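Reviewing the structure listed below.
The values are calculated or read from the model by the stated rules, or taken from the named source; none is laboratory data. The shown structure was predicted, so the numbers you read here are calculated from the model rather than taken from an experiment. Backbone-built Cβ (ideal geometry, glycine too); neighbour counts: all protein chains shown.
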Amino acid sequence: MLLYSSITKKVFMALAGLFLISFLCVHLGINLMLLKDDGGRAFTEAATFMGTNALIKIFEIVLFAGFFIHIFFGLLVSGQNKSARPSPYAVSNHSETAPFSKYMFHTGIIVLIFLAIHFFDFYFIKIGLVAPPPGVPAHDFYHRTLLLFSSPWYSLLYITCFVVLGIHLNHAIQSAIQTLGWNHSKYMDAVKVIGSVYSCTIAAGFTLVPLFILFFRR
């Protein structure tokens, strides 16, 4: 049955992955507002808009569906690859894959664990499943973020996880293009460069925020 074929699972995973990759730009843009010296006004306005706008709430459901689809089919494909042959994630010849391609499952698990922590620290507080820390209102994401990133250990965890995410993205973008059959010898080298630049930009942008708060925001 097509729904359960190997290539169909990879296509679903690739499409969901590309959707999530595009969302990272939005998330990073909001996070970079924390660098502004305005007492968190711009960041709070953006966070409030994302939390109250009706269209964003619909998009939130789509986003969670994207997470579920990517994770679910990622686990299925990884299990299938492990039982069949030691060649993870991509459909192309394994000799063409990036050096970290064989660690896609491991980096994916690390990202998944961090995602759970991130939800616990922010989203679950927002919807009332977790009590906010003393003195910080449930919807005050600005001071919640300052509180978390004032901890060197939390900042180190955050930075480490986004470095891992950058590694995961670098191969995932190339793999998704190959899985969807969009790879071509004329522009695949450009795709690799763009994927590497994008991955490094995402990782660097997200790590800049805790470093700035930890060392410069008082």
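Quick one: what pairs do we get from the range 195-210, first residue surrounded by fewer than 17 Cβ atoms within 10 Å (Cβ to Cβ), second assigned to a helix (DSSP H, G or I), C-beta under 7 Å, 6+ apart or different chains? Once the first residue is surrounded by fewer than 17 Cβ atoms within 10 Å (Cβ to Cβ) and sits in the range 195-210, its partners that are assigned to a helix (DSSP H, G or I) give Cys200/Gly166. Can you pull out the residues in the range 122-157 that are under 19 Å from Leu208 (Cα atoms) and not hydrophobic (A, V, I, L, M, F, W, C)? Selection gives Tyr142, His143, Arg144, Thr145, Ser150, Ser151, Pro152, Tyr154, Ser155. Of the residues Leu75, Leu34, the single one that is assigned to a helix (DSSP H, G or I) and surrounded by 17 or more Cβ atoms within 10 Å (Cβ to Cβ) is Leu34. In summary, Thr160 fulfils each of the numbered conditions (1) hydroxyl-bearing (Ser, Thr, Tyr); (2) within 30 Å of Ile213 (Cα to Cα); (3) over 19 Å from the mean Cα position of the chain (by Cα) with the single exception of condition (3). Number of residues in the range 37-50 that are touching a Leu at 6+ places or on another chain (Cβ under 9 Å), in contact (Cβ under 8 Å) with a residue 12 or more places away in the chain and in a helix (DSSP H, G or I): the value is 1. Screening Cys25 on (1) modelled with pLDDT under 85; (2) surrounded by fewer than 16 Cβ atoms within 10 Å (Cβ to Cβ); (3) closer than 27 Å to Met188 by Cβ shows it passes everything except condition (1).
Sub-8 Å Cβ pairs linking a first residue in the range 1-17 that is modelled with pLDDT under 80 to a second residue that is among the aromatic types (Phe, Trp, Tyr), at least 6 apart or interchain, are Lys9/Phe73, ordered by first then second residue. When we screen Ser151, Ser92, Ser83 for residues that are at pLDDT 85 or above, more than 21 Å from the chain's Cα centre (by Cα) and more than 22 Å from Ala42 (Cα to Cα), the only hit is Ser151.
The C-beta contact set for the range 101-123 (first residue over 18 Å from Glu60 (Cα atoms), second residue among the hydrophobic types (A, V, I, L, M, F, W, C) and modelled with pLDDT of 85 or more, distance under 6 angstrom, 6+ apart or interchain) comprises Thr107/Val164; Thr107/Ile167; Ile110/Val164; Val111/Leu165; Phe114/Cys161.
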